[in-house]
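To start, the structure itself, in structure tokens.
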Amino acid sequence: MPLTLPQLSRREFLKRAALAGTAASFVPSLFAELAVKPGDPDTFFFLSDTHIAGEAATISHGVNMTNHLSTVVREVLAWPVAPAAIIVNGDLAFKLGLAGDYTAFGKLIEPLRALAPMHLTLGNHDQRDNFWQAFPLDATKSESVPQKQVAILSGARANWFLLDSLDITGKYAGQLGAAQIEWLVREIEARPDKPALVVCHHHLDRLGEVGGLKDSTAMIELLANHRQVKAFIYGHTHNWHVSQHEKGLHLVNLPPTAYVFEPGRPSGWVCAKLSDNGAELELRSLDQKHPELGQMKRLEWRTS
Ligand SMILES: [Zn+2]
């Protein structure tokens, strides 16, 4: 369920900050910093699996998710370049997508909305109605696929396709459904000239696996055989990892901003910079001593 939150003007931001009781000293200094920051149309920031609970003190797997997201927000704001967009790829809420989870999530990401437009997708721990109610004023709903929210971002060097894999809240696997897959084929085929980058919360299950997309078989075929599709970007497994399908499609598993399932794996976010024939991904791990902090993954696009 991708949802677009437009970038806020200084005036709008100040109005909201006053209503929310945000510290007055924070807002002008934030805008002073952002005003001098150069923007880069080829840079995109990715966050995933924030798992924010309404109660800020909530801890899961030994991690306070609110603290993690707050730290990521500070790091993103301090980055020397403003991105074209910030994408948060699902599992925004803690477990069941409660209304309070989204209220808390909205407050935590509010400073980022001064930096760039944000695009949100939903995962299996999100809940559609509660999510919509949390952003009633500025949510842009898409009606392209019934019951699902999809979006296309047209960038200078690539088209991004944001999918909706939320099936049943609280159940691990996800599903796109036939209508969304048909929409995706149609929209990808209508844009043959630029690289297509597909973003979805759930991963693609290989033969015999379960827990990712229930429609993995159809999606793998679709993505691998449309040569303009260069990368599939997902979260869900909480395990930063970049691999490649045998047909040259890049598979990018975003790290969670929240907790990891496997000890030693990094939590954090990713800065992606597109070039003519590929992308460079930089891992920003929250652990400043993690061996993968600053790790660069260079993806080269397969030729069509
Ligand atoms: Zn998750």
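At-a-glance table
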{"item": "Gaussian network model of the chain, Cα within-10 Å springs - most flexible of VAL63, VAL270, VAL88", "result": "VAL63"}
{"item": "Test item: Cα-centred dipole of segment 3-300, Lys/Arg +1 and Asp/Glu -1 on Cβ, debye", "result": "540"}
{"item": "Listed residues ALA93, THR237, PRO80: farthest to the positive end of the dipole of the chain (Cβ charges)", "result": "PRO80"}
{"item": "Packing-based order for 183-194, 48-59, 120-131, using average beta carbon neighbours within 10 Å, highest first", "result": "120-131, 48-59, 183-194"}
{"item": "Proxy reagent accessibility, fewest Cβ within 10 Å first, across MET296, MET65", "result": "MET296, MET65"}
{"item": "Label point distance in nm, GLU221-ASN67, each placed 7 Å from Cα along Cα→Cβ", "result": "4.9"}
{"item": "Helical contribution to [θ] at 222 nm, DSSP H n ≥ 4, -39,500 (n - 2.57), averaged over the chain, rounded to 500", "result": "-7500 deg cm²/dmol"}
{"item": "Extension reserve of the LYS15-GLU182 stretch, reckoned as 0.36 nm per residue once the Cα distance is removed", "result": "55.9 nm"}
{"item": "Choice from LYS95, LYS15, LYS230 with maximal GNM fluctuation in the chain (Cα, 10 Å cutoff)", "result": "LYS15"}
{"item": "Near-label residues of segment 230-251 by backbone N, under 15 Å of a point 7 Å along Cα→Cβ of LYS171", "result": "none"}
{"item": "Over the chain, relative contact order from alpha-carbon pairs under 8 Å, at least 6 apart, %", "result": "19"}
{"item": "Gain on full stretching of the segment that runs from SER60 to SER154 - 0.36 nm per residue minus C-alpha separation", "result": "30.2 nm"}
{"item": "Convex hull volume of segment 153-273 per residue (C-alpha atoms, cubic angstrom)", "result": "118"}
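Readers should treat all values here as calculations from the given coordinates under stated rules, not as data from a laboratory. For clarity, every value in this text was computed on a predicted model and none was experimentally measured. Methodologically, a virtual Cβ is constructed for each residue, glycine included, from the backbone with ideal geometry; neighbour enumeration extends over all protein chains shown.
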